[in-house]
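Quick notes on the structure that follows.
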Amino acid sequence: MYTITAFVDDEQGGGTISSVPVTVKRTDVTQPITPLAGETGTVSSTGDKDTSRTIAGDDEDNIGYRAFWCFDLYSLKGTEVKEAYLTFVTHKIVETPFKQTSSGLRGLYIWQIRSEPGQLPDYYKPDPVRELAPLMWEAPEAIDVTEEVNRIGRGLAPSDRLQVRAGFMSKTDGTCDQDFIEWEAVTLTVTYTKK
């Protein structure tokens with residue numbers, strides 16, 4: 001709460017003073033954030049990198065694929081994050097990547113990772129930092145990442161980036177079939193208050 005005080009002088013020795021209390025409320029801002037193009041894409045188990053699409057699964061040559069997304073959250077520094085959600089839009093699912101048998105790729109992991117900025121990470125490194133959701137047996141739709149984004153907003157995280165990796169339990173299912181999920185888009189939507 002603030003107080004605005006005004007003094008009026010009639011220039012003849014008289015005047016009056018008055019104060020008015022004013023309450024200022026912080027307003028919440030909701031902002032969609034898209035991933036960084038050069039740090040988002042697909043990495044194969046053979047080391048190939050592709051920033052034109054994001055897939056997780058395998059192909060007919062038994063090469064595994066993981067999808068990566070990176071969000072630059074520097075603009076959220078010094079804010080109080082109320083909510084943050086990753087929203088996944090699936091482009092297509094080929095064959096049966098979520099097969100639960102030992103011959104399938106089995107469940108999908110969504111992990112927070114930490115790697116060097118400016119490029120796609122390697123398939124095998126870095127090691128995951130935190131599991132963002134329980135093991136999934138179907139295409140993800142939304143994942144709550146409020147805690148992770150709030151740490152960035154409060155300046156408690158070692159990086160201003162939220163880096164995410166999606167990959168199945170098994171690198172490949174050992175068949176000559178391709179089994180994968182491909183995403184059309186992944187967006188981070190953050191609701192925050194400026195301090």
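The values are calculated or read from the model by the stated rules, or taken from the named source; none is laboratory data. The structure presented is a predicted model; accordingly, all values stated were derived computationally and were not measured. Here Cβ is always computed from backbone atoms with ideal geometry, including for glycine, and neighbour counts include all displayed protein chains. Ligands, DNA and RNA are excluded from the accessible area calculation, which covers all protein heavy atoms including side chains. Shrake-Rupley method; radii C 1.70, N 1.55, O 1.52, S 1.80 Å.
Return the single residue from P128, P32, P21 with maximal mean-square fluctuation; model: Gaussian network over the chain, springs between Cα atoms under 10 Å.
Its mean-square fluctuation being the largest, the pick is P21.
Tell me the mean residue ellipticity at 222 nm calculated for the chain from its helices only (DSSP H runs of n ≥ 4, each -39500 (n - 2.57), averaged over every residue, nearest 500).
Per the formula, -1000 deg cm²/dmol.
Of (1) 24.3, 98; (2) 17.4, 57; (3) 15.6, 58, which is the value of Rg and Dmax of the Cα atoms in Å derived from the coordinates here?
(1)
How much area per residue is accessible in region 19-108 when the probe is 1.4 Å and only protein heavy atoms are counted (Å²)?
53
So, with +1 on the Cβ of K and R and -1 on the Cβ of D and E, and no other charges, what is the size of the charge dipole of region 1-135 about its Cα centre, to the nearest 20 debye?
Here region 1-135 has a charge dipole of around 440 debye.
List the chymotrypsin sites (Phe, Trp or Tyr not before Pro) in region 37-133 that DSSP assigns to loop (not H, G, I, E or B) and whose Cβ has at most 14 other Cβ atoms within 10 Å. Which are they?
Loop-located and lightly packed - Y124.
Among T46, I63, P32, which residue has its Cα furthest toward the positive end of the charge dipole of region 18-74, with +1 on Lys/Arg Cβ and -1 on Asp/Glu Cβ?
P32
Pairs to check: K92/K125; K99/K125; K49/K92; K82/K125. Give those whose C-alpha atoms are more than 29 Å from each other in this structure.
K82/K125
Leaving out ligands and nucleic acids, note down the accessible area per residue over region 124-195 with a 1.4 angstrom probe, in whole Å².
50
With a 1.4 Å probe and every protein chain kept in, tell me what percent of the accessible surface of the chain is carbon plus sulfur.
After summing per-atom areas, the C and S share lands at 47 percent.
Show me the ranking of peptides 170-176, 14-20, 116-122 by mean Cβ neighbours inside 10 Å, starting with the highest.
Result, highest mean first: 170-176, 116-122, 14-20.
Compute the longest continuous run of the chain that contains no exposed GluC sites (Glu not before Pro); treat a site as exposed when its DSSP state is not H, G, I, E or B and it has at most 10 other Cβ atoms within 10 Å.
Here the longest segment lacking exposed loop sites spans 61-195.
Over region 51-179, what is the mean sequence separation of C-alpha contacts under 8 Å (at least six apart), divided by residue count, expressed as relative contact order in percent?
Result for region 51-179 is 46 percent.
Anyone know which of D50, D61, D144 comes out most mobile in the 10 Å Cα GNM of the chain?
In the Gaussian network model the winner is D61.
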